[in-house]
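Peer 1: Questions regarding the structure given below will be posed in turn.
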Amino acid sequence: MHTRKALRSTAAAPYTRSHTPPYTPLYTPDQKRRRDASVWTLIQGVLAPLQFAIFLVSVALVLRYLVTGEGAFAATVSIVVKTIALYTIMVTGSIWEKVVFDRWLFADAFFWEDVFSFLVLALHTLYLALLIGGLGTERGRMLLALAAYATYAVNATQFLLKLRAARLQDAAGAAGHRAATA
C-alpha cells in the first residue's frame, strides 16, 4: 500500500528535470557519414547562398517597382529567376534528404522546414500562374511576390538555424571524442 507522500513523489517524478527525454541528435552517425560524403551536400551549399543572392537582388527590384512604378520587366524577370532557383533547390534538396535520411521529403530532422517550404513553393507558383495567365495587376503580382519572399525569409531562417544546430552537434561530438581519447 502506498502512502500519500509516496504517491505524490511518484506522480511528480515524470516532471522532474532528471526525467526529461534524452537529447535527440539531428543526425545519427550513419546519416552524418552519408551527409558528409554526399555531393548533394555541396550542391545545396552552393545553391542556398546563390538563391539568397538572387532573392536580395529581386527584392530590391520589386521594391523599386512598387515605389517608383519603374522597372516592372526587370522585377518580373528576377522573380521568375528566383522561382527557378527555388524549384532547383527543392528538387536537389529532396535528393539530398533521400541520400541522407532515406526519405524524399519530410524526414524527421527537417519536417517543419519542408512543410514551410511547400508554402513558399505555393506562393511562388501562384505568382507564376498569375503571370502566365495574365491575371491580376502588375502591382498585385509584385505584392504577392513580396509575400512569397517573406515566407522564403522565414524558411531560410529555419534552415540556417538547423545548419547552426548541426554545426554545434558536430562540434560537441568532436569535443566529446577528444575528451574520451585524452
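The values are calculated or read from the model by the stated rules, or taken from the named source; none is laboratory data. None of the values given here were measured: they were computed from a predicted structure. Glycine also receives a Cβ, built like all others from the backbone with ideal geometry; neighbour counts cover every protein chain displayed. Keep in mind that these areas ignore ligands, DNA and RNA; they rest on the heavy atoms of the full protein, side chains included. Shrake-Rupley method; radii C 1.70, N 1.55, O 1.52, S 1.80 Å.
Peer 1: Quick one: count up the residues across the stretch 64-87 that are assigned to a helix (DSSP H, G or I) and free of Cβ contacts under 8 Å to residues at least 24 places away in the same chain.
Peer 2: So the count comes out to 7.
Peer 1: Then there is this: Do you know which residues across the stretch 95-108 are surrounded by fewer than 18 Cβ atoms within 10 Å (Cβ to Cβ) and either in a helix (DSSP H, G or I) or more than 15 Å from the chain's Cα centre (by Cα) (or both)?
Peer 2: Ile95, Lys98, Val99, Asp102, Arg103, Asp108
Peer 1: Only one of Arg178, Arg139 is modelled with pLDDT under 95, among the charged types (D, E, K, R), out of contact with any strand residue (DSSP E or B) (no Cβ under 6 Å at 6 or more places or on another chain) and open to solvent by 40 Å² or more (accessible area, probe 1.4 Å). Can you tell me which?
Peer 2: Arg178
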